Amino acid sequence: MIRKESRNAMREIRHKRIRKNLSGTKEMPRLNVFRSNAEIYAQVIDDEKGVTLVSSSSRELKLSNGGNIDAAKAVGKDIAEKCKKAKINKVVFDRGGYLYHGRVSALADAAREAGLEI
C-alpha cells in the first residue's frame, strides 16, 4: 500500500537523501536554502562544527514580497556579499529537497553572479 505523504514530508525525505552525500567543511561550507510560500532563507553552514557562519533572508532584507524570484535574487546577492566579508569563496549548494528551478535556481544564480563559487 502506498503511503500518502504531504509535500513537505516528501521534501524532507529528499533532503535527508541528499544530505547523506553532501556536507560542508570549514574550507567549503554548505549553502542551504529554505523556501516557504511567503519568504526565502539561505544559510552558510560548517557541518563539522555545526555552526551557521552567514545567513540571509527575504524577511531580514524587509522585502515587500519575499515569495518571488526577485526576492530570491536579492537574498542570493546578499548572502554572497556576506560570504565575501567572512572570507568564504566556495560553497557546496544544498537545495534542501526542492527542485532546482524557480526561486532556488534564482538564488544560486544571483550568488554566482555576485562572486560566490558554487
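Inside the range 63-85, residues that are at pLDDT below 95 and of a type in the set (Gly, Ala, Ser) make up a count of 3.
Scan the range 63-71 and give yes if some residue there is of a type in the set (Ser, Thr, Tyr) and either out of contact with any Ser or Thr (no Cβ under 7 Å at 6 or more places or on another chain) or over 11 Å from LEU107 (Cβ atoms) (or both), otherwise no. Scanning the range 63-71, I find at least one residue that is of a type in the set (Ser, Thr, Tyr) and either out of contact with any Ser or Thr (no Cβ under 7 Å at 6 or more places or on another chain) or over 11 Å from LEU107 (Cβ atoms) (or both), so the answer is yes.
Would you tally the residues in the range 92-118 being outside any loop (DSSP other than H, G, I, E, B) and not polar (S, T, N, Q)?
Total satisfying the criteria: 14.
Cβ separations smaller than 7 Å between residues 6+ apart or across chains give the following pairs from the range 76-88 residues that are of a type in the set (D, E, K, R) to residues that are surrounded by fewer than 18 Cβ atoms within 10 Å (Cβ to Cβ): LYS77/ALA114; ASP78/LEU61; GLU81/ALA114; LYS84/GLY115.
Of all the listed residues (ARG112, ARG103), the sole one being in contact with a strand residue (DSSP E or B) (Cβ under 9 Å, 6 or more places away or on another chain) and of a type outside the set (Phe, Trp, Tyr) is ARG103.
Which residues, taken from the range 31-67, are part of a loop (DSSP other than H, G, I, E, B), in contact with a Lys or Arg (Cβ under 9 Å, 6 or more places away or on another chain) and surrounded by fewer than 21 Cβ atoms within 10 Å (Cβ to Cβ)?
Result: ALA38, GLU39, ASP47, GLU48, LYS49, GLY67.
The set of residues in the range 14-30 that are surrounded by 12 or more Cβ atoms within 10 Å (Cβ to Cβ) and either without any contact (Cβ under 8 Å) to a residue 24 or more places away in the chain or in a helix (DSSP H, G or I) (or both) comprises ARG14, HIS15, ILE18, ARG19, THR25, LYS26. In the range 68-91, the qualifying residues are those that are in a loop (DSSP other than H, G, I, E, B) and in contact with a Lys or Arg (Cβ under 8 Å, 6 or more places away or on another chain), and the one that is nearest to ARG35 (Cα to Cα) is ASN68.
The values are calculated or read from the model by the stated rules, or taken from the named source; none is laboratory data. Please read these numbers as outputs of a predicted model, since none were measured by experiment. Counting neighbours? That spans all protein chains shown, and the Cβs are built from the backbone with ideal geometry, glycine included.
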